[in-house]
Amino acid sequence: MMPIHATTILAVQHNGQVAIGGDGQATIGNTIAKSNVRKIRKLQDGKILVGFAGSTADAFTLLDRFEEKLNSYGGNMKRAAIELAKDWRMDRYLRRLEAMLITVNKEELLMLSGTGDVLEPDHQVAAIGSGAMYAQSAALALKKHAPHLSAEEIVRESLTIAADICIYTNHNLIIEKL
């Protein structure tokens, strides 16, 4: 998968709950352009949540395409993700888009990339963006050592840790849960 800078998105399934969150920072090069970008979107009347990392314009293009696929496949998230990934890899225009997506519903958690990947991550934790490894590490540790926490609490604490470390991640967090 391509490395994406300029944000952190984290999704966690834990104890029958699902939460996804992201920071609000947008950068241009090494300059903060905006500090409160909303990188989490609700689709299908709130049944599916999507987070994006990478170029904002590219991500919005992919979100639109993903929503079209969801509508074409009756809200089947996995099928829509696979069809988007095929298009993303094969289409000359889409192939140039620099973004990644995480999609979640109550049953599934998927990571999508422009190389045709549709991954169901181990341990029900997915992270993308420049602070991904910090957030993912924190989430895995919290799931293991603080199992009483909710998915939302794990996402919030893990993103806070990532924001403390990653210069492309800030503390303006948006978290949604299903």
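Among residues of the range 87-99 that are surrounded by 12 or more Cβ atoms within 10 Å (Cβ to Cβ), those with a Cβ under 9 angstrom from a residue that is among the aromatic types (Phe, Trp, Tyr), sequence gap 6+ or separate chain, pair up as LEU94/TRP88; ARG95/TRP88; LEU97/TRP88; ALA99/PHE52; ALA99/PHE60.
Residues of the range 54-83 being hydrophobic (A, V, I, L, M, F, W, C) and either at pLDDT 95 or above or surrounded by fewer than 23 Cβ atoms within 10 Å (Cβ to Cβ) (or both), which ones?
Going through the range 54-83, the residues hydrophobic (A, V, I, L, M, F, W, C) turn out to be 57, 59-60, 62-63, 66, 70, 77, 80-82.
Scanning the range 54-83 gives ALA57, PHE60, LEU63, PHE66, LEU70, MET77, ALA80, ALA81, ILE82.
In the range 64-79, the residues that are on the phi > 0 side of the Ramachandran plot form Cβ pairs under 8 Å with partners that are not hydrophobic (A, V, I, L, M, F, W, C), at six or more places apart or across chains, as follows: GLY75/GLN44; GLY75/LYS47. The residue that is surrounded by the most Cβ atoms within 10 Å (Cβ to Cβ), among those in the range 124-136 that are touching a residue at least 12 places away in the same chain (Cβ under 8 Å) and more than 11 Å from ALA11 (Cα to Cα), is GLY131. Scanning the range 24-48 for residues that are over 17 Å from GLY131 (Cβ atoms), modelled with pLDDT of 95 or more and part of a strand (DSSP E or B) yields ARG41, LYS42, LEU43, ILE48. Residues in the range 147-167 that are out of contact with any His (no Cβ under 9 Å at 6 or more places or on another chain) and not in a helix (DSSP H, G or I): HIS148, CYS166, ILE167. Taking the criterion of being surrounded by fewer than 24 Cβ atoms within 10 Å (Cβ to Cβ) and more than 18 Å from ALA19 (Cβ to Cβ), the residues of the range 100-121 that qualify are SER113, GLY114, THR115, GLY116, ASP117, VAL118, LEU119.
Quick check on my filter: what residues within the range 20-53 are surrounded by 18 or more Cβ atoms within 10 Å (Cβ to Cβ) and closer than 17 Å to ALA80 by Cβ? Correct list: ILE20, ARG41, LEU43, ILE48, LEU49, VAL50, GLY51, PHE52.
Quick one: which helices (runs of 4 or more DSSP H) lie wholly within the range 49-146 and hold at least 1 residues that are under 21 Å from GLY24 (Cα atoms)? By residue number, 56-72, 132-145.
Please verify whether TYR168 is among the aromatic types (Phe, Trp, Tyr), at pLDDT below 95 and surrounded by fewer than 15 Cβ atoms within 10 Å (Cβ to Cβ), treating the condition exactly as stated. No: the conditions fail for TYR168.
The values are calculated or read from the model by the stated rules, or taken from the named source; none is laboratory data. For clarity, every value in this text was computed on a predicted model and none was experimentally measured. No Cβ is skipped: glycine too gets one built from the backbone with ideal geometry, and neighbour counts run over all protein chains shown.
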